[in-house]
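The following block contains the structure, expressed as structure tokens.
The values are calculated or read from the model by the stated rules, or taken from the named source; none is laboratory data. Predicted model, so just to flag it, every value in this text is computed and none were measured. Cβ sites come from the backbone with ideal geometry, for glycine too, and all protein chains shown count toward neighbours.
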2 protein chains.
Amino acid sequence: MITRSQIKFIKSLSLKKNRYLHKCFIVEGEKNILELINSEYEILHLYLTEAIDINTGSLQVNFISKNELARISCLTSPNKALAVVKIPALKDLSTGSVLVLDSISDPGNLGTIIRLCDWFGVKKVVCSEDTVDVYNPKVVQASMGSIFRLDVLYSDLEKYLKEVEGPVFGSFINGEDIKKLNIPSSDFHLILGNESSGISKKIEKLITNRISITNKGSRAESLNVATAAAILLYEFCN
Amino acid sequence: MITRSQIKFIKSLSLKKNRYLHKCFIVEGEKNILELINSEYEILHLYLTEAIDINTGSLQVNFISKNELARISCLTSPNKALAVVKIPALKDLSTGSVLVLDSISDPGNLGTIIRLCDWFGVKKVVCSEDTVDVYNPKVVQASMGSIFRLDVLYSDLEKYLKEVEGPVFGSFINGEDIKKLNIPSSDFHLILGNESSGISKKIEKLITNRISITNKGSRAESLNVATAAAILLYEFCN
């Protein structure tokens, strides 16, 4: 059972301004909810259409119908579970290598990149302030639960990078071939740019090493940013 | 100017059965149209909202309004140009390495994988019959024009793979680490499986080499199939 005002509140969280006003966001789907429950994130409300294989502990569960779930879901195929989750206080405790994102606009790309960072052990992502919001429902969905295991911060990248010591790698069309590169064994900063325009001019100046994934003779102009992230993280984290 | 019956016809092409009934599909956006014109694909109709920087040669252009484009477009943000293109006769002339896709269901993933193959010089993709249609508008869009430079065939994979000589690599959670693998310098077959269920049992039996992208200690269960394709093609094609 869900009230009309609850529906209205949950639907309002699809907008960034409402997420930050109420300091909460939505997590959907059985697998994501399982990852969520195993994380330190605080669940405010949990809605289920059926009992699922999750230890909800002392958490109060609201059982709702499939029709009700469809009314509050952001997915085209709602999947059994939806939680309203508290946005955690900003923290910046992790050390180690950092992936830096300059103006990533597609939520699917950001979610996929977070999933990759989790896979390859990069625990911190620093985003420019105009990068899509990490609590956007499509980002949460595409991260497949990895969002709960990483620190994702938003920052003025120019200020942030000026404080960085050590190499700052940036991915360009015309950089050094990463297959031939001497990858540092120490912590690194790696920057990826916007889907259309790449790394912005003001950030480019702060890069110490320009790198590339070599094109094997195709007319293709570029790779999708998430697939480029996959290849670069694979090389840097091995 | 566009007639009501033209609108109806173009909209009908969002369904696979109509694409194969009429033997044509839709290509949208300035960049994709440019790649299309530079390819051997036959354009049946070209609709533009404004003159764009493309040599259309003897091709007859229909100028339409932005509102008219919005009515025939599959995109949320229609972009200046839409073409109706003939589905080419099936060909299977390419030799060389082959990427094999077992039941890929997401059109964005298939388009992204085609873009990757183009980048890394793999000219042939063989899909299981239940893989999403390559002429689905979202596949065409995500391929960013690479679709016009590759052979994509649909086949009974079991039959197809039984005829293959040489190594057949398949990506699994528990295969040999590709970082330690001796990558063959000769042509290869590389198989990727469905987004949720991976490579199917009947195909698994035909694989000679099980490979993996090693997880760096994360709880993440898997990588997105397009990002896995990125890393594998990068290693195999270098």
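Any idea which of B:Asp156, B:Asp130 is within 16 Å of the chain's Cα centre (by Cα), modelled with pLDDT of 95 or more, surrounded by fewer than 21 Cβ atoms within 10 Å (Cβ to Cβ) and not β-branched (Val, Ile, Thr)?
The match here is B:Asp130.
Another question, if that's okay. Please return the ranges of helices (runs of 4 or more DSSP H) entirely within the range A:1-66 where 3 or more residues are more than 20 Å from A:Ile147 (Cβ to Cβ).
Qualifying helices (runs of 4 or more DSSP H): A:4-12.
Restricting attention to the range A:160-183, does a residue exist that is basic (Lys, Arg), more than 11 Å from chain B (Cβ to nearest Cβ), without any contact (Cβ under 8 Å) to a residue 12 or more places away in the chain and out of contact with any Cys (no Cβ under 7 Å at 6 or more places or on another chain)?
The answer is no; no qualifying residue exists.
Quick check: anything in the range B:48-63 closer than 30 Å to A:Ala228 by Cα and either among the small types (Gly, Ala, Ser) or within 20 Å of the chain's Cα centre (by Cα) (or both)?
No: zero hits.
Same structure, new question: Pull up the range A:197-213, narrow it to residues that are assigned to a loop (DSSP other than H, G, I, E, B) and in contact (Cβ under 8 Å) with a residue 40 or more places away in the chain, then point me to the one that is nearest to B:Asn238 (Cα to Cα).
Taking the candidates together, the pick is A:Ile213.
Within the range B:74-111, count every residue that is surrounded by fewer than 20 Cβ atoms within 10 Å (Cβ to Cβ) and polar (S, T, N, Q).
Total meeting the criteria: 6.
One residue is enough: does the range B:37-57 have a residue meeting the conditions closer than 14 Å to B:Val140 by Cβ, of a type in the set (A, V, I, L, M), in contact with a Phe, Trp or Tyr (Cβ under 7 Å, 6 or more places away or on another chain) and not assigned by TED's automatic domain parsing to the domain that holds B:Ser146?
No, the conditions are met nowhere in the range B:37-57.
I'd like the residue in the range B:214-234 that is in a helix (DSSP H, G or I) and either more than 8 Å from chain A (Cβ to nearest Cβ) or among the β-branched types (Val, Ile, Thr) (or both) and, out of all such residues, is nearest to A:Asp118 (Cα to Cα).
In this case the residue turns out to be B:Thr227.
Can you go through A:Leu110, A:Leu99 and tell me which one is under 24 Å from B:Ala229 (Cβ atoms) and either of a type in the set (Gly, Ala, Ser) or in a helix (DSSP H, G or I) (or both)?
A:Leu110 is the lone residue from the list that is under 24 Å from B:Ala229 (Cβ atoms) and either of a type in the set (Gly, Ala, Ser) or in a helix (DSSP H, G or I) (or both).
Just one of the numbered conditions (1) in a helix (DSSP H, G or I); (2) under 15 Å from A:Val134 (Cβ atoms) is not true of A:Pro88; which one?
(1)
Can you name the number of the only condition in (1) surrounded by 13 or more Cβ atoms within 10 Å (Cβ to Cβ); (2) out of contact with any strand residue (DSSP E or B) (no Cβ under 7 Å at 6 or more places or on another chain) that A:Arg19 fails?
(2)
Here's a check for you: in the range B:1-16, which residue that is surrounded by 13 or more Cβ atoms within 10 Å (Cβ to Cβ) and of a type in the set (Lys, Arg) is farthest from B:Pro78 (Cα to Cα)?
Looking at residues that are surrounded by 13 or more Cβ atoms within 10 Å (Cβ to Cβ) and of a type in the set (Lys, Arg), I get B:Lys16.
Filter the range B:85-111 for residues that are over 26 Å from B:Glu204 (Cα atoms) and of a type outside the set (Gly, Ala, Ser) and give the result.
B:Val85, B:Lys86, B:Ile87, B:Pro88, B:Leu90, B:Lys91, B:Leu93
While we're on this one: I'm checking my understanding of the structure. Among residues of the range A:175-208 that are surrounded by fewer than 15 Cβ atoms within 10 Å (Cβ to Cβ) and polar (S, T, N, Q), which one is nearest to A:Lys159 (Cα to Cα)?
Across the range A:175-208, the extreme among qualifying residues is A:Thr208.
A:Glu204 fails exactly one of the following numbered conditions: (1) over 19 Å from the mean Cα position of the chain (by Cα); (2) at positive phi. What is the number of that condition?
Evaluating A:Glu204 over (1) over 19 Å from the mean Cα position of the chain (by Cα); (2) at positive phi leaves (2) as the failure.
Test B:Tyr154 against the criterion of being part of a helix (DSSP H, G or I), of a type outside the set (A, V, I, L, M) and more than 14 Å from every other protein chain (Cβ to nearest Cβ), and give yes or no.
No, not satisfied.
Just need a number here: residues in the range A:98-142 that are within 11 Å of chain B (Cβ to nearest Cβ) and in contact with a Leu (Cβ under 8 Å, 6 or more places away or on another chain).
Residues flagged as within 11 Å of chain B (Cβ to nearest Cβ) and in contact with a Leu (Cβ under 8 Å, 6 or more places away or on another chain) within the range A:98-142 amount to 11.
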